[in-house]
Amino acid sequence: MKASALRKAAWSSAKKIRFIPASPSLDGTILAARTAPGIIQKDDIRSGWSASPTYNPHTRLTRRVRGLQNNEVVRALETIVALMEIKDESYYRVLAYQRAAESVGALGRPVREVEDLTTLPHVGGTTAEVIRDLAEDRTPEILAELSGEIPTGLVEVTRLPGVGPRTAGRLWRELDVTSVEEIASLEPGRLSSLKGFGKKSEERILSAAKKYDSHERRMLLDEATALGNRILDFVRSHPATEKAELAGSLRRMKETIGDLDIVAASTDPDSLADAFADAPFADEVLAHGPKKVYIVTNGIEVDLRIVEPEAYGSLLHHFTGGQAHNIVLRERAVKMGINISEYGLAAAGTGEYEPVATEEDLYSRLGLPYIPPELREDAGEIEAGEKGGLPDLIETGDIRGDLHVHTNYSDGKGTIESMAEAAIALGYEYLIFCDHSQSLRVANGLSPDRLKKKMRAVREADEKYGEIHLLCGSEVDILKDGTLDYEDDLLAELDFVVASVHTSFGVGEEAMTRRIVRAMNNPHVRVIGHPTGRILERRDPYAVDVSRLITEAAATDTVLELNSYPDRLDLSVPYVRQAIEAGVKISIDTDAHDEGALSLIKYGVSQARRAWVEKDRVINCMPWNEFEKYLKAGKGPQ
DNA sequence: GCCGTTTTCGGCCCGACTGTTTTCAGTCG
């Protein structure tokens, strides 16, 4: 089996992680991977698992006792994958490790808490043992062996565009190169002296090595959506385009986006492909054929694929992915005697593809109901589809009100009135103003007196607007010891209380967990706001035991927020899914600080969809009369 | 290395483009 095939399977995540160059000891290898700044974020994004804070001796001690967290286990497994690829191990053996990594990444609880790891999809006896070793902070034998044989810096070399495991292996063996830095400093002519390497290859590799940035930023959903739509407009405006859509991870609404994928149906693909390659925004053309064109714009890769209109459904499905979903679906089809490609369906082995025009048709011919893009992650959606057990996913239109918005009383830009009018424009039935509490000075938090004044102002505004119910709440700070930033009798006067952590992030996992749990036990606290405090691409989540928060949320009838701000999306998807399974309710809020931000709700909803959430699990999907009763009833048994 | 609507052994998804070479390996999605 060709090793090249492995790249295809491993591509989805392997290219997206960052690896720390070689380390003298094995423990050093793992340690480097778990503590390097800027690294944890990227893998959090991929795995959705909360990360540890920046390295310090205390956390290291704590974590040595507790073992590696999920994202770290994923990273170690992907390191094994990359090293095995360079070693040219058997394709299916490597694929097994890649799949095991994906299974751990999709897990919504610490892997160390899973009693029987072989219950995870694609995890068998061997990989389970490796995962167990990692989770308990032991170096698995396979990693010890591999990193003893192959310089780990080569893993990063395979991240260079156009350089795969074969090339990385050759550079090491034939030029004694072991890192990206060493490639960048190669004398001109060294690379092109290798058999099969010409001037172009040398130029491409050297230039990539010199420009290499191990902290490459991924786009947030709103940026990716805006850029994607502008480029999509260009594609759609071409006369040869019959239809076109955004595909890839943006269509699946992953929480951050690396590159953009667009599919188009055209009866004149050459002309569309040429126009795209010549587009004014195309800074660089990476590939240009009649069926696909890859360009770079502002540092972002944009891939366009073109097919005949009859095969549009097949192409859209193929290019939407995710890759793991496609592989499992295709394996399943082979068992039914069907081959799937982006051109359609074929009787196995014939190579004669019959085009499929829509995704609904594609799934239907495979005996499955339509699976929404957000679910296509090989996270049980195909099995659920077979059994008729797919969720009836929440939609943005199901949201009846926003429970967490700010005004200019604290750090918002809008007024009570302007925010109310924006909410009315969205068709909301209710809106709750939750400004910051007194101790959060930087956000102009409200003293008790100012809060009371605001309560009166909200009541007056509520009288004024017949179309919407306006309520006064607070986003009250959870102080370091878990007490709240207002006295209970003041909280009792509010219509709604969201409690959040905004300070003292570094107290450690135990203390942070106790702190939030204490807040949950306050009868006035309905919601925990942005429960892990992460800022995507900028700040790791604080250390907290989210599984315990979920258990306590269920016990105290406390709601967990799914914050819709594109740089938060907090809770993250695996946890939301776990919370739902534990019977915990979710609120999807925008945390809007201005009128326009109210429309960010769609990003929160998109993450809820990825977490299989139905609308009856989301408190702000309740119509007003129900929601009013819910508020009056107070929290359930403590 | 994993897995079972054919199976506990023998399978395991599919195609476009590039560079360098004359037939394809490697990379990528």
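The values are calculated or read from the model by the stated rules, or taken from the named source; none is laboratory data. Every value quoted in this text rests on a predicted model; they were computed, and no experiment measured them. Every residue, glycine among them, receives a Cβ derived from its backbone with ideal geometry; neighbour counts consider all protein chains shown.
Can you name every one of the helices (runs of 4 or more DSSP H) wholly within the range A:209-307 that holds 2 or more residues which are more than 10 Å from DNA strand B (Cβ to nearest atom) and closer than 27 Å to residue A:565 by Cβ?
Numbers: elements: A:221-237, A:248-251, A:269-277.
Of the helices (runs of 4 or more DSSP H) lying wholly inside the range A:209-307, those with at least 2 residues that are more than 10 Å from DNA strand B (Cβ to nearest atom) and closer than 27 Å to residue A:565 by Cβ span A:221-237, A:248-251.
Just one of the numbered conditions (1) within 7 Å of DNA strand B (Cβ to nearest atom); (2) in a helix (DSSP H, G or I); (3) of a type in the set (A, V, I, L, M, F, W, C); (4) more than 16 Å from residue A:252 (Cα to Cα) is not true of residue A:362; which one?
Failing condition for residue A:362: (1).
How many residues are without any contact (Cβ under 8 Å) to a residue 24 or more places away in the chain and β-branched (Val, Ile, Thr) when one looks only at the range A:223-246?
Qualifying residue count for the region: 0.
For the range A:177-208, which residues satisfy the criterion of being of a type in the set (D, E, K, R) and either in a helix (DSSP H, G or I) or touching a residue at least 60 places away in the same chain (Cβ under 8 Å) (or both)? Lay out the reasoning, then the answer.
Of the range A:177-208, the ones of a type in the set (D, E, K, R) are A:181-182, A:187, A:190, A:195, A:199-200, A:202-204.
Of everything in the range A:177-208, those that are of a type in the set (D, E, K, R) and either in a helix (DSSP H, G or I) or touching a residue at least 60 places away in the same chain (Cβ under 8 Å) (or both) turn out to be A:181, A:182, A:199, A:200, A:202, A:203, A:204.
Just the residues that are assigned to a helix (DSSP H, G or I) and buried (at least 20 other Cβ atoms within 10 Å of the Cβ), please, taken from the range A:581-601.
Our first condition is that a residue be assigned to a helix (DSSP H, G or I); within the range A:581-601, this holds for A:581, A:596-601.
Matches in the range A:581-601: A:597, A:598, A:600, A:601.
Working only within the range A:153-176, note down all residues that are in contact with a Phe, Trp or Tyr (Cβ under 7 Å, 6 or more places away or on another chain) and part of a helix (DSSP H, G or I).
Filtering the range A:153-176 down to residues in contact with a Phe, Trp or Tyr (Cβ under 7 Å, 6 or more places away or on another chain) leaves A:154-156, A:160.
A:154, A:155, A:156 - these are the residues of the range A:153-176 that are in contact with a Phe, Trp or Tyr (Cβ under 7 Å, 6 or more places away or on another chain) and part of a helix (DSSP H, G or I).
Exactly one condition in (1) over 22 Å from residue A:590 (Cβ atoms); (2) in contact with a Phe, Trp or Tyr (Cβ under 7 Å, 6 or more places away or on another chain) is not met by residue A:526; state its number.
(1)
When you check residue A:149 against the structure, is it acidic (Asp, Glu), more than 29 Å from residue A:299 (Cα to Cα) and either at pLDDT below 90 or not assigned by TED's automatic domain parsing to the domain that holds residue A:252 (or both), yes or no? Spell out the reasoning first.
Numbers: acidic (Asp, Glu): yes; more than 29 Å from residue A:299 (Cα to Cα): yes; either at pLDDT below 90 or not assigned by TED's automatic domain parsing to the domain that holds residue A:252 (or both): yes.
For residue A:149, the condition - acidic (Asp, Glu), more than 29 Å from residue A:299 (Cα to Cα) and either at pLDDT below 90 or not assigned by TED's automatic domain parsing to the domain that holds residue A:252 (or both) - is met.
Among the residues of the range A:105-122, how many are part of a helix (DSSP H, G or I) and within 12 Å of DNA strand B (Cβ to nearest atom)?
The initial filter retains those residues of the range A:105-122 that are part of a helix (DSSP H, G or I), namely A:105, A:111-113, A:117-119.
If we keep only those that are within 12 Å of DNA strand B (Cβ to nearest atom) as well, we get A:117-119.
Of the residues in the range A:105-122, 3 are part of a helix (DSSP H, G or I) and within 12 Å of DNA strand B (Cβ to nearest atom).
Any residue that is in contact with a Lys or Arg (Cβ under 8 Å, 6 or more places away or on another chain), in the same structural domain as residue A:572 (by TED's automatic domain parsing), over 23 Å from residue A:623 (Cα atoms) and surrounded by fewer than 22 Cβ atoms within 10 Å (Cβ to Cβ) - is there at least one of those in the range A:519-532?
Looking through the range A:519-532, at least one residue is in contact with a Lys or Arg (Cβ under 8 Å, 6 or more places away or on another chain), in the same structural domain as residue A:572 (by TED's automatic domain parsing), over 23 Å from residue A:623 (Cα atoms) and surrounded by fewer than 22 Cβ atoms within 10 Å (Cβ to Cβ).
From A:401, A:367, A:322, A:344, which residue is within 11 Å of DNA strand B (Cβ to nearest atom) and in contact with a strand residue (DSSP E or B) (Cβ under 8 Å, 6 or more places away or on another chain)?
Numbers: A:401 fails: within 11 Å of DNA strand B (Cβ to nearest atom); A:367 fails: in contact with a strand residue (DSSP E or B) (Cβ under 8 Å, 6 or more places away or on another chain); A:322 fails: in contact with a strand residue (DSSP E or B) (Cβ under 8 Å, 6 or more places away or on another chain).
Testing whether each residue is within 11 Å of DNA strand B (Cβ to nearest atom) and in contact with a strand residue (DSSP E or B) (Cβ under 8 Å, 6 or more places away or on another chain) leaves just A:344.
Going through the range A:254-292 one residue at a time, which ones are touching a residue at least 12 places away in the same chain (Cβ under 8 Å) and among the small types (Gly, Ala, Ser)?
A:258, A:264, A:265, A:266, A:271, A:273, A:275, A:277, A:279, A:282, A:289
If you go through the range A:128-161 one residue at a time, how many are crowded, with 21+ Cβ neighbours inside 10 Å, of a type in the set (Val, Ile, Thr) and within 12 Å of DNA strand B (Cβ to nearest atom)?
Total satisfying the criteria: 4.
Give the residues of the range A:496-532 that are of a type in the set (Val, Ile, Thr) and either within 25 Å of residue A:630 (Cα to Cα) or touching a strand residue (DSSP E or B) at 6+ places or on another chain (Cβ under 6 Å) (or both), sorted by residue number. Break it down into steps so the answer makes sense when it comes.
Residues of the range A:496-532 that are of a type in the set (Val, Ile, Thr), as a first pass: A:497-498, A:501, A:503, A:507, A:513, A:516-517, A:525, A:527-528, A:532.
Within the range A:496-532, A:497, A:498, A:501, A:516, A:517, A:525, A:527, A:528, A:532 meet the criteria.
Does residue A:425 satisfy the condition of being closer than 24 Å to residue A:476 by Cβ and over 28 Å from the mean Cα position of the chain (by Cα)?
Values: closer than 24 Å to residue A:476 by Cβ: no; over 28 Å from the mean Cα position of the chain (by Cα): yes.
For residue A:425, the condition - closer than 24 Å to residue A:476 by Cβ and over 28 Å from the mean Cα position of the chain (by Cα) - is not met.
Given the structure, is residue A:143 within 30 Å of the chain's Cα centre (by Cα) and more than 20 Å from residue A:210 (Cα to Cα)?
yes
Go through (1) under 23 Å from residue A:411 (Cα atoms); (2) surrounded by fewer than 21 Cβ atoms within 10 Å (Cβ to Cβ); (3) not acidic (Asp, Glu) and name the single condition residue A:555 misses.
The number of the failed condition is (1).
Six or more apart or on different chains, Cβ under 6 Å: which pairs go from a residue in the range A:505-528 that's closer than 19 Å to residue A:494 by Cα to one that's assigned to a loop (DSSP other than H, G, I, E, B) and basic (Lys, Arg)? Could you list them?
Within 6 Å, the pairs are A:523/A:635.
Test residue A:390 against the criterion of being buried (at least 17 other Cβ atoms within 10 Å of the Cβ), under 23 Å from residue A:603 (Cβ atoms) and touching a Pro at 6+ places or on another chain (Cβ under 7 Å), and give yes or no. If you could, list the steps in order and put the result at the bottom.
Numbers: buried (at least 17 other Cβ atoms within 10 Å of the Cβ): yes; under 23 Å from residue A:603 (Cβ atoms): yes; touching a Pro at 6+ places or on another chain (Cβ under 7 Å): yes.
Judged against the criteria, residue A:390 is a match.
If we scan the range A:210-224, do we find a residue that is farther than 30 Å from residue A:163 by Cβ and modelled with pLDDT of 95 or more? Write out each step before concluding.
First pass over the range A:210-224, keeping only residues farther than 30 Å from residue A:163 by Cβ: A:222.
Those left that are additionally modelled with pLDDT of 95 or more: A:222.
Scanning the range A:210-224, I find at least one residue that is farther than 30 Å from residue A:163 by Cβ and modelled with pLDDT of 95 or more, so the answer is yes.
For the range A:132-152, which positions are closer than 30 Å to residue A:110 by Cβ and assigned to a helix (DSSP H, G or I)?
A:132, A:133, A:134, A:135, A:141, A:142, A:143, A:144, A:145, A:146, A:147, A:148, listed by residue number.
Restricting the range A:218-250 to residues that are of a type in the set (Lys, Arg) and touching a Lys or Arg at 6+ places or on another chain (Cβ under 9 Å), which is surrounded by the fewest Cβ atoms within 10 Å (Cβ to Cβ)?
Taking the range A:218-250 and keeping what is of a type in the set (Lys, Arg), we get A:218, A:230, A:236, A:243.
Keeping just the survivors that are touching a Lys or Arg at 6+ places or on another chain (Cβ under 9 Å) gives A:218, A:236, A:243.
Working: A:218: 21, A:236: 15, A:243: 13.
Ranking the qualifying residues of the range A:218-250, first place goes to A:243.
Pick from A:125, A:169, A:164: which is near DNA strand B (Cβ under 9 Å from one of its atoms), small (Gly, Ala, Ser) and free of Cβ contacts under 8 Å to residues at least 12 places away in the same chain? Reasoning before the result, please.
On the way: A:169 fails: free of Cβ contacts under 8 Å to residues at least 12 places away in the same chain; A:164 fails: free of Cβ contacts under 8 Å to residues at least 12 places away in the same chain.
After applying the criteria, what remains is A:125.
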